[in-house]
1. Working only within the stretch 329-371, note down all residues that are touching a residue at least 24 places away in the same chain (Cβ under 8 Å) and of a type in the set (Asp, Glu).
2. Considering only residues of the stretch 96-105 that are surrounded by fewer than 18 Cβ atoms within 10 Å (Cβ to Cβ) and touching a residue at least 40 places away in the same chain (Cβ under 8 Å), which is farthest from Ile79 (Cα to Cα)?
3. Against the conditions (1) among the hydrophobic types (A, V, I, L, M, F, W, C); (2) free of Cβ contacts under 8 Å to residues at least 24 places away in the same chain; (3) surrounded by 15 or more Cβ atoms within 10 Å (Cβ to Cβ), where does Ala324 fall short? Just the number, please.
4. Taking Ile109 as meeting all but one of (1) of a type outside the set (Gly, Ala, Ser); (2) assigned by the TED database to the domain that holds Val31; (3) without any contact (Cβ under 8 Å) to a residue 24 or more places away in the chain; (4) outside any helix (DSSP H, G or I), write down the number of the exception.
5. Take the residues in the stretch 132-145 that are open to solvent by 20 Å² or more (accessible area, probe 1.4 Å) and in contact (Cβ under 8 Å) with a residue 12 or more places away in the chain, then tell me which one is farthest from Ile82 (Cα to Cα).
6. Just a yes or no: is a residue in the stretch 63-82 under 11 Å from Ser277 (Cα atoms) and either touching a residue at least 40 places away in the same chain (Cβ under 8 Å) or of a type in the set (Lys, Arg) (or both)?
7. Would you be able to tell me the number of residues in the stretch 147-179 that are loosely packed, with under 14 Cβ neighbours inside 10 Å, among the polar types (S, T, N, Q) and outside any helix (DSSP H, G or I)?
Amino acid sequence: MFLALIGIWIIFNILTNGIFLSARNLSNLFVQTSYIAILAVGMVLVIVAGHIDLSVGSIAGFTGAIAAILQVNFGWATIPAIGAALAAGLLIGVWQGYWIAYRNIPAFIVTLAGMVAFRGALIAITQGQTIAPLRDDFAALGSGYVPKIVETLKFNDTTLILGLIVILIYVVMDLQSRRKQIAYGFDVPPMSYQILKMVLISSIIAAFFGVLMIYRGMPYAILVVFALVVFYSFLTNNTVFGRQVYALGGNKEAARLSGVNIRSRNMWIFISMGFLSALSGVVFTARLNAAASSAGNLFELDTIAAAIIGGTSTMGGEGTVVGAIIGAVLMASLNNGMSLMNISADWQMIFRGLILLLAVWFDIASRKKGN
């Protein structure tokens with residue numbers, strides 16, 4: 001999928017006469033990806049465990065509106081308003097998780113009900129009106145950039161430092177992983193191949209940070225995504241909870257017989273999804289500097305597509321957080337590229353729906369071929 005993403009970028013760059021791969025557009029593209037990427041991180045756990053969540057868009061819109069209303073109508077400061085929105089997301093996650101985990105109602109039904117109910121709640125609290133303008137420090141979360149250390153420089157030195165730190169962390173973690181594999185007797189590729197892989201991935205990371213550094217620097221929204229990717233990658237790969245989630249999606253009965261507390265795991269998965277939905281709503285509202293009754297519309301489509309395109313299996317038990325981020329960037333690239341080409345919104349929706357269908361078909365066909 002990464003190669004497909006590069007191919008899509010090249011095609012759009014040709015069709016838009018070089019506009020697509022400009023530093024300004026790529027920076028905007030990454031910011032546009034942020035709120036879907038946040039949702040995709042949580043959706044990986046949901047789908048890996050064998051569920052689906054159709055309510056993420058409505059929850060994002062509803063919680064984002066809570067943060068906006070508390071600022072505009074009640075004069076709340078930014079941090080308390082964000083805290084209230086995130087708390088609302090957690091409570092919604094508890095509510096939906098309870099029905100799924102302890103009342104055994106399928107997640108499809110519970111979240112479908114949530115999609116309708118919270119969309120109605122969003123319309124009710126906004127009364128169909130746009131809530132704006134918001135506080136400047138709140139809006140910075142969605143559209144602000146990390147400031148320079150040395151203001152006289154023509155590039156953002158803070159972003160340069162962050163890029164070097166990320167590359168260093170990647171190299172160290174990759175070498176540690178190789179040493180662990182050798183210690184446990186696993187086959188590892190030749191060191192020359194390992195070095196080549198590290199050089200290629202480090203170059204990609206450097207190119208990503210270089211684009212941001214040349215334009216305006218690292219957006220705060222992307223920092224949030226990076227933090228979530230690091231945390232959830234560690235959670236899924238290096239903790240008992242993460243292993244049990246994969247076991248739950250791979251074979252629920254085997255997981256139960258192995259002593260996995262299935263109810264507790266399902267509960268926490270949807271609490272996590274509720275929190276991330278609220279965080280996505282806050283970032284999206286901050287980027288628009290307003291809340292509206294249409295906020296979050298079709299977020300669930302892009303989120304599910306991002307997770308599946310990134311390698312998360314619709315059958316459960318397989319998927320990675322990093323893959324979902326690649327899927328989110330791919331979906332955002334399609335939206336951005338079609339917008340630059342002045343393709344109408346109706347055709348954009350048609351293409352996105354077809355892409356989701358093809359991604360699911362490819363997943364099912366691949367699994368059948370593997371079996």
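1. Kept after step one, since they are touching a residue at least 24 places away in the same chain (Cβ under 8 Å), are these residues of the stretch 329-371: 329-337, 340-341, 349, 352-353, 355-356, 359-360, 363-364, 367.
Across the stretch 329-371, the qualifying residue is only Asp363.
2. Initial filter on the stretch 96-105 (surrounded by fewer than 18 Cβ atoms within 10 Å (Cβ to Cβ)): 98, 102-105.
Then keep just the ones that are touching a residue at least 40 places away in the same chain (Cβ under 8 Å); that gives 98, 102.
Numbers: Tyr98: 28, Tyr102: 33 Å.
Taking the candidates together, the pick is Tyr102.
3. Ala324 satisfies every listed condition except (2).
4. (4)
5. Pass one, the stretch 132-145, residues open to solvent by 20 Å² or more (accessible area, probe 1.4 Å): 132-133, 135-137, 140-141, 143, 145.
Those left that are additionally in contact (Cβ under 8 Å) with a residue 12 or more places away in the chain: 132-133, 135, 137, 140-141, 143, 145.
Working: Ala132: 16, Pro133: 16, Arg135: 12, Asp137: 11, Ala140: 13, Leu141: 11, Ser143: 16, Tyr145: 19 Å.
The residue in question is Tyr145.
6. Filtering the stretch 63-82 for residues under 11 Å from Ser277 (Cα atoms) gives 63-64.
Next cut, either touching a residue at least 40 places away in the same chain (Cβ under 8 Å) or of a type in the set (Lys, Arg) (or both) only: 63-64.
Yes; the residues of the stretch 63-82 include at least one that is under 11 Å from Ser277 (Cα atoms) and either touching a residue at least 40 places away in the same chain (Cβ under 8 Å) or of a type in the set (Lys, Arg) (or both).
7. Adding up the residues that qualify gives 1.
Here is a yes/no grid of residues against (1) touching an Asp or Glu at 6+ places or on another chain (Cβ under 6 Å); (2) open to solvent by less than 20 Å² (accessible area, probe 1.4 Å); (3) at pLDDT below 95:
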site: Ala254; (1), (2), (3): no, no, yes
site: Leu257; (1), (2), (3): no, no, yes
site: Ala286; (1), (2), (3): no, yes, no
site: Asp302; (1), (2), (3): no, yes, yes
site: Ile309; (1), (2), (3): no, yes, yes
site: Ser313; (1), (2), (3): yes, yes, yes
site: Thr320; (1), (2), (3): no, no, yes
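The values are calculated or read from the model by the stated rules, or taken from the named source; none is laboratory data. Worth saying up front: this structure is predicted, and the values here are computed from it rather than measured. When we count neighbours, we look across all protein chains shown, and the Cβ atoms used for this are built from the backbone with ideal geometry, even at glycine. SASA here: full protein model, heavy atoms, side chains in, ligands and nucleic acids out. Shrake-Rupley method; radii C 1.70, N 1.55, O 1.52, S 1.80 Å.
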